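> My questions all concern the structure below.
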Amino acid sequence: MKRVVITGMGVVSPLGCELNTFWNRLVEGTNGIGTITKFDATEFPVKIAAEVKDFDANAFIDPKQQRRMDPYTHYAIAASRMAVQDSGINFSEENPWRCGCIVSSGVGGISTTEKEVRTLLERGPRRVSPFCIPQIIVNIASGMVAIEHGLKGPNYAVVSACATGLHSIGDAMKAIKYGEADVMLAGGAEAAVCPISIAGFAAMHALSTTNDDPTHACRPFDKERNGFIMGEGAAVLVLEEYEHAVKRGAKIYAEVGGFGATCDAYHMTAPAEGGEGGAQAMIISMESAGVNPDQIGYINAHGTSTPMNDRIETAAIKKALGEDNARKVSISSSKSMTGHMLGAAGALESVVCALALKNGVIPPTINYQNPDPDCDLDYTPNAARERKIDFCLNNSLGFGGHNACALFKRV
Amino acid sequence: MTLEEKVKTIICETLSRGAEEVTPAADFINDLGADSLDLAELVMKIEDEFKDNMAGESIPEEDVASLKSLGAIVEYLKSKGVPAEL
């Protein structure tokens with residue numbers, strides 16, 4: 001089977017829309033969460049989110065095309081173009097049938113759905129936009145990215161709620177591993193800071209309501225954690241067959257060494273007690289890479305800051321690595337700074353893993369103040385630390401009981 | 001404002017084209033790069049703007065196919081009783 005490496009990365013995030021800026025802010029422990037500005041949230045139980053602030057769609061897409069796409073697709077196109085530029089690949093010199101794209105989304109064009117439903121109810125069926133359907137479908141980002149870069153190989157969208165971005169990377173990795181493609185753009189995009197989405201997640205009591213102190217609202221693994229914070233943005237990685245990358249002299253960030261996917265088959269939204277589903281995904285990712293638990297130096301946790309996720313994910317890490325190894329591994333939650341970017345989260349956190357491996361730095365979990373006896377591992381509290389690591393894991397868990405884990409390897 | 005100016009403004013907005021490009025004879029598809037979705041949106045906006053002048057709220061499907069340019073739309077609206085000066 002082929003080896004798969006990461007040769008380019010692009011991000012649109014609450015911490016910035018340029019790779020180095022994003023990484024520097026992440027390592028510095030910058031908070032990306034604030035009061036919602038995208039709509040008037042005065043009457044909402046949740047008034048905070050991690051919004052993308054310095055994104056200029058005009059720099060990536062002409063105004064006519066912008067109107068035809070939901071913001072989630074704007075983010076996907078921007079992150080994809082930055083990833084391609086970063087990789088230095090010239091797709092016009094590649095066999096287009098061997099270049100593909102899986103850039104997906106958890107909820108797709110949800111703000112467009114909201115707007116068009118309003119039009120339908122207020123003005124009738126004949127006033128619904130002809131761009132309604134192409135804007136809302138979760139696979140349109142992959143389609144639009146393919147048009148821009150001329151990618152005619154495998155192309156679709158994977159949907160698994162908050163694990164979407166990581167499943168996309170897993171599928172893209174397999175397409176290269178099994179020889180179906182040489183290059184795949186893989187990742188996720190989300191733009192769900194809109195009324196129906198915030199109201200819906202708030203109704204589940206999944207979101208933090210620390211509205212008066214957004215800077216400290218997201219506190220993964222802290223005893224006072226009280227819910228996740230909606231984030232938005234996109235992350236796209238250029239995955240490439242190893243020999244193909246070497247042949248064109250590409251820089252290599254890291255290798256995608258293994259991948260595991262399981263399901264809790266337990267409850268609609270709650271993870272199963274004991275975390276066996278998440279643990280098994282980690283075990284499969286290590287086994288598929290031929291890596292032992294004591295070799296894992298870092299885990300980028302799903303770490304949503306909900307009471308249940310962080311407790312059960314901690315149990316899952318102990319189960320997968322064994323107690324001793326679990327106490328030695330560095331863990332952190334990027335969501336403490338970026339909020340939860342839903343379908344983009346697993347992709348953005350894969351970027352974090354690749355840079356942690358390459359730079360020998362573990363970014364922190366910020367806002368960690370109060371130890372929780374149920375969360376008693378090393379979450380890299382509040383400050384980044386230097387640690388040379390050879391292997392790391394990235395966990396993503398989604399409503400529906402979906403668990404994904406990717407193993408990344410230093411090259 | 002004349003009827004032609006009003007329709008031209010709508011076309012420029014919908015197709016993201018400059019006023020100098022949207023001549024009365026310029027074909028939406030061949031000259032202005034529109035696709036079928038653009039045309040559907042354009043017809044919807046014309047219907048919205050001139051609904052008071054039309055019997056129903058919509059332009060019948062069989063008429064839509066002939067609306068290929070600014071000139072064609074203006075003539076069509078005039079035939080429905082929309083005055084040349086608004």
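Quick note: the coordinates plus some simple rules give every number you see, no bench work behind them. What you are looking at is a predicted structure, and each value in this text was computed from that prediction instead of being measured. Heads up, the Cβs are rebuilt from the backbone with ideal geometry, glycines too, and the neighbour counts pull from every protein chain shown.
> Take the Cα of A:Asp40, step 7 Å along the line toward its Cβ, and report every residue of the stretch A:176-206 whose backbone nitrogen sits under 20 Å from that point.
Answer for this model: A:193-200.
> Over all directions, what mean area does the Cα convex hull of the stretch A:214-300 project, stated in square nanometres?
9.1
> Right, another one. For the stretch A:360-411, what size does the Cα cloud have along each of its three principal axes, sorted from largest down, in whole Å?
For the stretch A:360-411, the Cα extents along the three principal axes come out at 34, 29, 15 Å.
> Could you tell me the relative contact order of the stretch A:147-299? Use alpha-carbon pairs under 8 Å, at least six residues apart, and round to a whole percent.
19
> When 1/r is averaged over all different Cα pairs and the result inverted, which Kirkwood radius in Å belongs to the stretch A:1-67?
Kirkwood hydrodynamic radius for the stretch A:1-67: 14.7 Å.
> Over 23 Å between Cα atoms: which of A:Lys251/A:Lys318; A:Lys174/A:Lys409; A:Lys53/A:Lys388; A:Lys115/B:Lys6; A:Lys38/B:Lys8; A:Lys223/A:Lys388 fall into that group?
Beyond 23 Å: A:Lys251/A:Lys318; A:Lys53/A:Lys388; A:Lys115/B:Lys6; A:Lys38/B:Lys8; A:Lys223/A:Lys388.
> Mean separation of Cα pairs under 8 Å and 6+ residues apart, divided by the residue count of the stretch A:106-199: what relative contact order is that in percent?
Relative CO of the stretch A:106-199 lands at 36 percent.
> Turning to a different aspect of this structure: For the pair B:Thr23 and A:Asp372, how long in nm is the line joining their label points, each one 7 Å along Cα→Cβ?
If labels sit at B:Thr23 and A:Asp372, their model points lie 6.9 nm apart.
> Another question, then. In percent, what relative contact order does chain A have, based on Cα pairs under 8 Å that are 6 or more apart in sequence?
Taking the mean separation of contacting Cα pairs over the length of chain A, I get 24 percent.
> Would you kindly give the portion of the calculated P(r) for the stretch B:36-86 that falls above 13 Å, as a percent of all Cα pairs?
57
> Follow-up. Kindly identify the stretch A:1-135 as rounded, prolate or oblate by the Cα gyration tensor criterion: order the square roots of the eigenvalues as a ≥ b ≥ c, call it rounded if a/c is under 1.5, otherwise compare a/b with b/c, prolate if a/b is larger, else oblate.
oblate
> Report ³J(HN,Hα) in whole Hz for each residue of the stretch A:224-240, in order, from the Karplus equation J = 6.51 cos²θ - 1.76 cosθ + 1.60 where θ = phi - 60°; Gly and Pro get x.
8, 4, 9, x, 8, 10, 4, x, 8, x, 7, 9, 10, 10, 8, 9, 9
> Quick one: grab Rg to one decimal and Dmax as a whole number for the stretch A:134-186, Cα atoms only, in Å.
Computed over the Cα atoms of the stretch A:134-186, radius of gyration and Dmax are 11.2, 32 Å.
> Which of the three applies to the stretch A:274-393, rounded, prolate or oblate, going by the alpha-carbon gyration tensor with a ≥ b ≥ c and a/c under 1.5 meaning rounded?
Verdict is rounded for the stretch A:274-393.
> For the stretch A:341-387, just say rounded, prolate or oblate: build the C-alpha gyration tensor, square-root its eigenvalues into a ≥ b ≥ c, call rounded for a/c under 1.5, and beyond that prolate if a/b exceeds b/c, oblate if not.
Because a/c hits 1.5 or more and a/b fails to exceed b/c, the stretch A:341-387 counts as oblate.
> Another question, then. Identify the chymotrypsin sites (Phe, Trp or Tyr not before Pro) of the stretch A:363-411 meeting these criteria: DSSP loop state and at most 16 other C-beta atoms within 10 Å of the C-beta.
Here no chymotrypsin sites (Phe, Trp or Tyr not before Pro) fit, given the DSSP loop and packing criteria.
> Which whole-percent values make up P(r) of chain B when all C-alpha to C-alpha distances are grouped in 5 Å steps starting at zero?
Spelled out bin by bin, chain B gives 3, 15, 31, 28, 17, 7, 0 percent.
> Would you mind getting the Kirkwood hydrodynamic radius of the protein assembly as shown from its Cα pairs, rounded to one decimal in Å?
Computed over the protein assembly as shown, the radius equals 23.7 Å.
> Moving on. D for the stretch A:74-201, whole µm²/s, Stokes-Einstein with Kirkwood Rh over alpha-carbon pairs at 10 °C and 1.306 mPa s: what number?
Here the translational diffusion coefficient equals 102 µm²/s.
> Based on other C-beta atoms within 10 Å, arrange A:Ile196, B:Ile59 from fewest to most.
A:Ile196, B:Ile59
> If we count every other residue with Cβ under 12 angstrom of A:Ser111's Cβ, Lys/Arg +1 and Asp/Glu -1, where does the sum land?
Summing Lys/Arg as +1 and Asp/Glu as -1 gives -2.
> Next question, about the same structure. Please list the non-local residues whose amide H lies under 5 Å from the amide H of A:Met341, H modeled 1.01 Å from N, same-chain partners needing a gap of 5 or more.
For A:Met341, whose amide H was placed from the backbone, the distant partners under 5 Å are A:Gly231.
> Spelling out what I want: for every residue of the stretch A:75-92, take phi, set θ = phi - 60°, compute 6.51 cos²θ - 1.76 cosθ + 1.60 (Karplus), and round to whole Hz; glycine and proline get x.
Along the stretch A:75-92, the couplings run 4, 5, 5, 5, 5, 5, 5, 5, 5, 5, 4, 4, 6, x, 6, 10, 5, 5 Hz.
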